[in-house]
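Each reported figure results from applying straightforward, stated rules to the coordinates on display, with no laboratory input. What you see is a predicted model; the values in this text were computed from it and never measured. Cβ placement follows ideal geometry from the backbone for every residue including glycine, while neighbour counts extend to all protein chains displayed.
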């Protein structure tokens, strides 16, 4: 069995790795530059994909048992384009979990890790000896940015989310969304790709001034805070550098289409622990586990970056209010043609990245 394992970063990927190692009685130390778990994240809610309405089974598969975190299930969505507003049901309701603060998923995993004997060093820089890098966007590359605000007293139903695809505010396939937050608040967040990251706040403010549904929703509401962040999407040649296993965003594991990174973080943390415990090949296994999914994400990113919100309008053209939408049906088919298109668009996206410098 390995000796002490040192992990840099107390985010979701680092915590997942630490918990899986500690369950096998491995001595684990997590080093974190911030003063606490999730201290760098202002509390907000983000979607956990592939987990269903109850994340228990998903967490069990990862040997995780977070307790006491806030979550919310959203069964209905307003879907907006520049010409339409749909009110639809989702075949697979969205599960939102809180990030940042003591009611967050991070803090729930931190409590589990403490019970298992994991040691934490906060306010510390990178140690000389390191086994797992779970620092987030370690390369410093910004692939996208988000800016938003929270409002109290908004006119917005608690069982709905709102997603808008409009290149005037979230260019080339990105989106602006509204979700319930806490007891009587909503979050309004705009997400953009790297070329527009410097203007994300201006684009957000433009949407608040111009978009009819957002104006109606926030009329009379009181702003209670703001949220901002950046993300890193990568396609690593190697996720092991000088013997150090890179997990989560440190490796670039991220959803290139929507920016959902929690699943990649949690799953890559467990995968790294499994490889440490079993002496398995991390490079081979992450490619088997993540690369097919990442290729689909990059293929869809290529299409939306070229066609922008036109492709979303086309995909939503046959839906009407009160319809049920299965968003997984928009994924490429798993037949020969679907796989060929995925591989082709994925390769074109890689070429585009080399030519432009961004996804």
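The fewest-to-most ranking of 226, 193, 143 by surrounding Cβ atoms within 10 Å reads 226, 143, 193. Helix 12-22 and the longest principal axis of the Cα set of the chain meet at an angle near 30°.
Below 8 Å, C-alpha to C-alpha, sequence gap of six or more: please give me the relative contact order for the chain in percent. Mind showing how you got there, number by number?
Values: 770 pairs, mean separation 74.0, N = 359.
Dividing the mean separation by the residue count of the chain yields 21 percent.
Taking the C-alpha atoms only, the angle from helix 105-115 to the longest principal axis of the chain is near 20 degrees. Between helix 336-356 and the chain there is an angle of about 80 degrees, using the helix long axis and the longest principal axis of the Cα atoms. Taking the number of Cβ atoms within 10 Å of each Cβ as an exposure proxy, the fewest-first ranking of 233, 114, 26, 337 is 337, 114, 26, 233.
Note down the relative contact order for region 80-211 as a percent, whole number, built from C-alpha pairs under 8 angstrom at least six residues apart.
Reported as a whole number, the value is 22 percent.
Packing-based ranking of 145-152, 347-354 yields 145-152, 347-354, ordered from highest to lowest mean Cβ neighbour count within 10 Å. With Cα atoms defining each centre, region 183-240 and region 109-165 are spaced 16 Å apart in the structure.
Could you list 286, 359 in order of exposure, starting from the residue whose Cβ has the fewest other Cβ atoms within 10 Å?
Details: 286 26, 359 23.
In increasing order of surrounding Cβ atoms, one gets 359, 286.
The distance separating the Cα centre of region 1-58 from that of region 269-323 comes to 22 Å.
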